[in-house]
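Colleague: There's a structure below that I have some questions on.
The values are calculated or read from the model by the stated rules, or taken from the named source; none is laboratory data. These figures come from a predicted structure and were not determined experimentally. Backbone-built Cβ (ideal geometry, glycine too); neighbour counts: all protein chains shown. Ligands, DNA and RNA are stripped out before the accessible areas are found, and what is left, the full protein with its side chains, is counted by its heavy atoms. Shrake-Rupley method; radii C 1.70, N 1.55, O 1.52, S 1.80 Å.
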Number of protein chains: 2
Amino acid sequence: MARQRKRTRDEWVAASFAALAEGGIDAVRVERLARTLGVTKGSFYWHFTDRAALVTAMLDAWETGGTRDVIARVDAHGGDAGARLRQLCRVTSRDGELTAELALRDWARRDADVAMRVQRVDDVRMAYIRALFEELFPNAEDIEARSMLLYSLLIGNDFIVARHGRRGRARVLKDAVELLLAQA
Amino acid sequence: MARQRKRTRDEWVAASFAALAEGGIDAVRVERLARTLGVTKGSFYWHFTDRAALVTAMLDAWETGGTRDVIARVDAHGGDAGARLRQLCRVTSRDGELTAELALRDWARRDADVAMRVQRVDDVRMAYIRALFEELFPNAEDIEARSMLLYSLLIGNDFIVARHGRRGRARVLKDAVELLLAQA
DNA sequence: GGTTTTCCATACGCAACCGTATGGACGAGG
DNA sequence: CCTCGTCCATACGGTTGCGTATGGAAAACC
């Protein structure tokens, strides 16, 4: 933890995500972040005009990190459509991968700008999933249903905390994916 | 809007949910709620010891409203397992049915008590869905996978804002449910 | 080495909340 | 009619957070 002298804009954004994950949006406060970064508000208001500007920067980071980065990681693994869908499942089910999702989707219900961003993210993710399913199935409506089911599963896997008896979540998740990949 | 003289505890809770839906958890503030109810804080602190007590009352209401009430509405409609699952889908996809879900699930990540409540709700819902699928399929693992997929779909239908080209969400939702109800 | 730019500390005013304390209006019960 | 319990208004102190203003240290530049 070498006491560096200068903070960058990205450090503020990173600290904001950490605070969001730990304490919710209520924890993303200028003075609190300043303390964790070892500086004061003066630093913040030099890098950002506003608290709103910080939030905008967070949204930007989430938008690319939650689409392009994930897709790149999946594609880097290679394989055919089925392998990629399984890999997508593994990547997104990693713990802490979707820490900001809930807060942002909740916020999107009340803020038009945030809603637009979430829609963009959802469209990109669905397009990726849809393209993979298109390599496996012929019927467009079937493809759309399976894509929606898989995307919902990835979201639900993180948002739902139900127990599954003796079976673990990982096993259920795997079974569900295989069900979606199975030919009707 | 007859200016009533006395407020009940439930009115405060109802106003809290309205505020939560409109402005997020940040809008659930004592003095703000008092204004919308046409009273002052004095009233609040007579009905509740604390802001935390209000939140607890909200959680209680959500817990029963999001499980027993929904299940009762579905069962009241009657029909076999397949019909009930389709009805469950219709009931939960009504707008505004899950306004508190996102905020609560987000909160559950950081508060052990809230997490326990969400888990109870998820367990009850999953048990209901599972029981219905058990009437349709023989394999336990298959049942669990389909149950998780359906529950995820119901959640995802509300949380995901992706577009589906010419097909509307309602149509995709219906196709997805039929896919889950179809024999392998 | 002096000047300018970069980055941050300090101090201030202001608003929003929380929770408490206290008194008052109003109806119920005797 | 008087009292008592119910329900709320008002006033207060304390905290937290935002945004601004201003000065200062340290580095970059010439």
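Colleague: Quick check: the angle from helix A:140-159's long axis to the longest principal axis of chain A, C-alpha only, nearest 10 degrees?
Modeller: Tilt relative to chain A: about 50 degrees.
Colleague: At a temperature of 37 °C and a viscosity of 0.692 mPa s, determine how fast segment B:59-181 diffuses translationally according to Stokes-Einstein, using the Kirkwood radius over alpha-carbon pairs as Rh; express D in µm²/s, rounded to the nearest whole number.
Modeller: Numbers: Rh = 15.2 Å.
For the chosen part, D equals 216 µm²/s.
Colleague: For segment A:101-110, what does the Karplus curve 6.51 cos²θ - 1.76 cosθ + 1.60, with θ = phi - 60°, yield as ³J(HN,Hα) per residue in whole Hz, taken in order and with x for Gly and Pro?
Modeller: Couplings: 4, 4, 4, 5, 5, 5, 5, 4, 5, 10 Hz.
Colleague: Next up: Please quote Rg/Rh for segment A:1-105 to two decimal places, taking the Kirkwood radius as Rh and restricting both calculations to Cα atoms.
Modeller: Here Rg/Rh amounts to 1.07.
Colleague: Let me test this: with uniform point scatterers at the alpha carbons of segment B:7-48, what is the Debye-based log₁₀ I(q)/I(0) at q = 0.14, 0.17, 0.26, 0.27 1/Å?
Modeller: Calculated log10 I(q)/I(0) at the listed q: -0.25, -0.36, -0.84, -0.90.
Colleague: To continue, here is another question. Skip the ligands, DNA and RNA, and give the accessible area per residue of chain B with a 1.4 Å probe, whole Å².
Modeller: Values: 9120 Å² over 184 residues.
Accessible area per residue: 50 Å².
Colleague: Follow-up. So for segment B:91-133, Kirkwood radius off the Cα pairs, Stokes-Einstein at 20 °C and 1.002 mPa s: how many µm² s⁻¹?
Modeller: The estimated diffusion coefficient comes to 188 µm²/s.
Colleague: Same structure, new question: In degrees, nearest 10, range 0 to 90: what is the angle between the Cα axis of helix A:51-64 and the longest Cα principal axis of chain A?
Modeller: Computed tilt is about 30 degrees.
Colleague: Still on this structure: Is there a simple number for the mean count of other chain Cβ atoms within 10 Å of the Cβ of residues in B:159-172, and what is it?
Modeller: Working: counts 12, 13, 12, 15, 4, 8, 4, 1, 5, 0, 1, 0, 3, 6.
Per residue, the number of nearby Cβ atoms from other chains is 6 on average.
Colleague: Using unit Cβ charges (K, R positive; D, E negative) and no other charged atoms, how large, in debye to the nearest 20, is the dipole of the protein assembly as shown about its Cα centre? Display every interim value, and only then the final one.
Modeller: Numbers: 60 positive and 54 negative charges, 248 e Å.
So the magnitude is around 1200 debye.
Colleague: Next question. Give the lysines whose C-alpha is closer than 22 Å to that of B:Lys41, dropping any in the same chain fewer than 8 places away, or say none.
Modeller: B:Lys6
Colleague: Roughly speaking, what is the centre-to-centre gap between segment A:121-136 and segment B:135-157 when only Cα atoms are used, to the nearest Å?
Modeller: Answer, in whole Å: 22.
Colleague: Straight-line reach only, C-alpha to C-alpha below 19 angstrom: list the aspartates and glutamates that B:Lys174 could link to, leaving out same-chain residues fewer than 8 apart.
Modeller: The qualifying aspartates and glutamates are A:Glu141, A:Asp142, A:Glu144, B:Asp80, B:Asp95, B:Glu97, B:Asp158.
Colleague: Tell me the carbon and sulfur percent of the accessible area for segment B:7-48, rounded to whole percent, probe radius 1.4 Å.
Modeller: The computed percentage sits at 53.
Colleague: Something else: In square nanometres, what is the average projected area of the Cα convex hull of the protein assembly as shown?
Modeller: Mean shadow area of the hull around the Cα atoms is 22.0 nm².
Colleague: Here is a further query. In degrees from 0 to 90, rounded to the nearest 10, what is the angle of the helix B:81-92 Cα long axis to the longest principal axis of chain B?
Modeller: Between helix and principal axis, roughly 30 degrees.
Colleague: For segment A:71-184, calculate the relative contact order in percent as a whole number, restricting contacts to Cα pairs under 8 Å that are 6 or more residues apart.
Modeller: For segment A:71-184, the relative contact order is 24 percent.
Colleague: Then there's this: For the rotation taking B to A, I'd like to know which residue in chain B has the C-beta closest to the axis, plus that distance in Å.
Modeller: Smallest Cβ distance to the axis, with its residue: B:Ser152, 2.
Colleague: Rounded to the nearest 10 Å², what accessible area does B:Tyr45 show when all protein chains are kept and the probe is 1.4 Å?
Modeller: So the heavy atoms of B:Tyr45 present about 120 Å² to solvent.
Colleague: To continue, here is another question. What value, in deg cm²/dmol to 500, does the helix sum -39500 (n - 2.57) over DSSP H runs of n ≥ 4 give at 222 nm once divided by the residues of chain A?
Modeller: Working: 10 runs with 128 residues, N = 184.
That comes out to -22000 deg cm²/dmol.
Colleague: Rounded to the nearest 100 Å², what is the sum over both chains of accessible area buried where B meets A, with a probe of 1.4 Å? Could you put the intermediate results ahead of the total?
Modeller: Values: alone 11300 and 11300 Å², together 18230 Å².
Chains B and A together bury approximately 4400 Å².
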